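Scroll down for the structure; my scribbles are underneath it.
The values are calculated or read from the model by the stated rules, or taken from the named source; none is laboratory data. Keep in mind that this is a model prediction, so the values were computed, not measured. Please note: Cβ atoms are built from the backbone with ideal geometry, for glycine as well, and neighbour counts cover all protein chains shown.
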Amino acid sequence: MTDVLLVVPPFASAGLPALGPSILVAALRTSGVDARAWYANVDLAARIGYARYSRFAGTSWLSHGELLFAAAAWGRPVPDDALVFSPRADAVTRADWAESLAALPAWIESVADAIAAQSPGLIGFSSVFEQTVPSIALAKALRRRLPATPLVLGGANAAHPMGPAIADATDVFDLIVGGEAEAEFPTLARRLLDGWRPAQRAVQCAPLPTLERSPRPAFDDYFEQLRPHLEAGALPRSLPVALPFESSRGCWWGQRSHCTFCGLNGLEMAERAHPPERVLEDIEALVGQWGVHRLQAVDNLLPIAIQRTVLPELARRQPDRERPLRLFYEVRSHLRRDDLREAAAAGLVEVQAGVESLSTATLKRMGKGVTGPMNLAFLRDARATGVSVAWNWMVGFPGDEPEDYGAGARLMPFIAHLQPPMGVVPVRIDRFSPYHSRPDRYGIRNITPFPATRWTWPDGADTRALSYHFTADVDSAWNDPRIQRVANEALGRWMEGWRGDPPVLQATTAVDGRLTIRDTRTVALETDVTLSAEASALLRRLEKPTPIDAVPPRGGLGVLLQRGLVVQHEGLLVSVVVR
């Protein structure tokens, strides 16, 4: 018997442990409550195949995961015309949908049997993005087996007003808990185990003022449940792909300038960071306990204090490790070469960067606090330091202009050697974002839940309160198909060049200080050239974006522009050579 069993439903990533439930398990155990996590998501990935499962987990904007479980949750089929299939290679296919749908009823019953066999005193479900309807479907199957066992839903999807709306849409949960729950949930769990049932079924926990009460996550259940699937060959032996950890909550940049499209922080924007000593202890403990050297920070943004303290210490320790540490963080694109070099030395070789656009006007509309030329310099310096950058080219912002896309498209042949975006992402209206909370300020009209939401929830449900993603009418140059075509074609060529060995534009320094350039871009005039001393000095100077009128026309500028080693962008000159 287990006092508390916390279920990780589909479609949480099966490739790594779930951080929130793992922290709650640790908090419950610390308070004396026997607790385990149950990875239903891992079990489904083994059942339908890891690649197929990952396609469902990776395309939440199309709601395939929620729709897949909707029939089991509400007892009505999802019509074909409610389904949208993206042509992207990583998106769910019709075959994925049909075969998974056929396997789902038997899988739900088998998982419910396995959970019920453990006779838990309380069952909790974690819901982030596409986990609410799967949680409801599993909870209903468990309610039939364990009618007296309290069932609880928590996670980001339980935040107000979504949590109360879930309570109105279904009575399957005895309690719905929003907010940061590690401090309060152990007490709530004890009361539920003692027979208490609340009259108000949706509650909101207060944010932790500091993270001192948040324990180190317990990942033992993930590894225990993953192991049999690995041994049976049902899941790749490369799992887990990483271990998650956190060094902060909130967003220090959002406190200064809330990005207009971002709703990730819900109701609590203020950054709260672990002390550097705690972050270092957590990293070393996770690596030492599980032997996984790839760690993924879930922070909204790399905290400045962690950048200045933890990363230098990790860089100092890196040479002594048997296997190098590999870290992932989300970062702002204001980082420069020295920052990136130090981060890479610490093992931070993969980042998701808020590049988003090469247009300063668009970035200003987002509230990003960087410019297009700064983003060019960031991509250049990331390539120079070996840091892999994941970023999306975001489009469709209210008030943008044709030139915001045209200038970027014209640049792309000259920056073909820099890491391209993963794709074009039209801006969404997400709950808690300024676009959602203050639409009139941005000229946004007719905000409505995603069309699939109609079939995700039963008739009569308050989908406006239940939804996190919305569509809206926005006046944007991106609405013009001609602009889309030109931009997509240029981006397609850029991305295609990176499917094999990407082109290079790099400089090496000769003994006399002159730079020798290797250039394999399609726009290259010749593959190898050695610049004059004047041109070499100017190229180094123009690594910092510089106003055109601050650079004399002589001194090698003509050569640098002619060869595309320096680009003119928004009135500035900037070197795109990787040095």
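Tell me, please, whether a residue that is crowded, with 17+ Cβ neighbours inside 10 Å, under 30 Å from Arg445 (Cα atoms) and not charged (D, E, K, R) can be found in the range 489-507. Checking the range 489-507: at least one residue is crowded, with 17+ Cβ neighbours inside 10 Å, under 30 Å from Arg445 (Cα atoms) and not charged (D, E, K, R). Report whether or not Ala472 is buried (at least 20 other Cβ atoms within 10 Å of the Cβ), in contact with a Lys or Arg (Cβ under 8 Å, 6 or more places away or on another chain) and either of a type in the set (D, E, K, R) or modelled with pLDDT of 95 or more (or both). So Ala472 fails the test. Between residues in the range 373-392 that are at positive phi and residues that are assigned to a strand (DSSP E or B), which pairs lie under 9 Å by C-beta distance while being six or more apart or on different chains? Sorted first by the residue in the range 373-392, then by its partner, the pairs are Gly386/Val349. Of all residues in the range 468-496, how many are of a type outside the set (A, V, I, L, M) and either part of a helix (DSSP H, G or I) or not assigned by TED's automatic domain parsing to the domain that holds Met394 (or both)? Residues meeting the conditions: 12.
Pairing residues of the range 272-289 that are without any contact (Cβ under 8 Å) to a residue 60 or more places away in the chain and more than 19 Å from Cys251 (Cβ to Cβ) with residues that are in a strand (DSSP E or B) and not aromatic (Phe, Trp, Tyr), at Cβ distances under 9 Å and at least 6 apart in sequence or on separate chains, gives Ile283/Leu295; Ile283/Leu327; Val287/Leu243; Val287/Leu295.
Number of residues in the range 405-462 that are of a type in the set (Gly, Ala, Ser) and over 30 Å from Gly500 (Cβ atoms) equals 6.
Search the range 224-263 for residues being without any contact (Cβ under 8 Å) to a residue 60 or more places away in the chain and over 26 Å from Ala51 (Cβ atoms), and hand back the single one that is surrounded by the fewest Cβ atoms within 10 Å (Cβ to Cβ). For the range 224-263, the residue satisfying everything is Gln255. Cβ-Cβ distances below 6 Å connect the following pairs, each with a first residue in the range 19-41 that is surrounded by fewer than 19 Cβ atoms within 10 Å (Cβ to Cβ), a second residue that is in a helix (DSSP H, G or I) and not hydrophobic (A, V, I, L, M, F, W, C), and a separation of six or more residues or different chains: Ser31/Pro186.
Residues considered: Ala159, Ala165, Ala169. Of these, the only one that is in contact with a strand residue (DSSP E or B) (Cβ under 6 Å, 6 or more places away or on another chain), among the small types (Gly, Ala, Ser) and in the same structural domain as Glu130 (by TED's automatic domain parsing) is Ala159.
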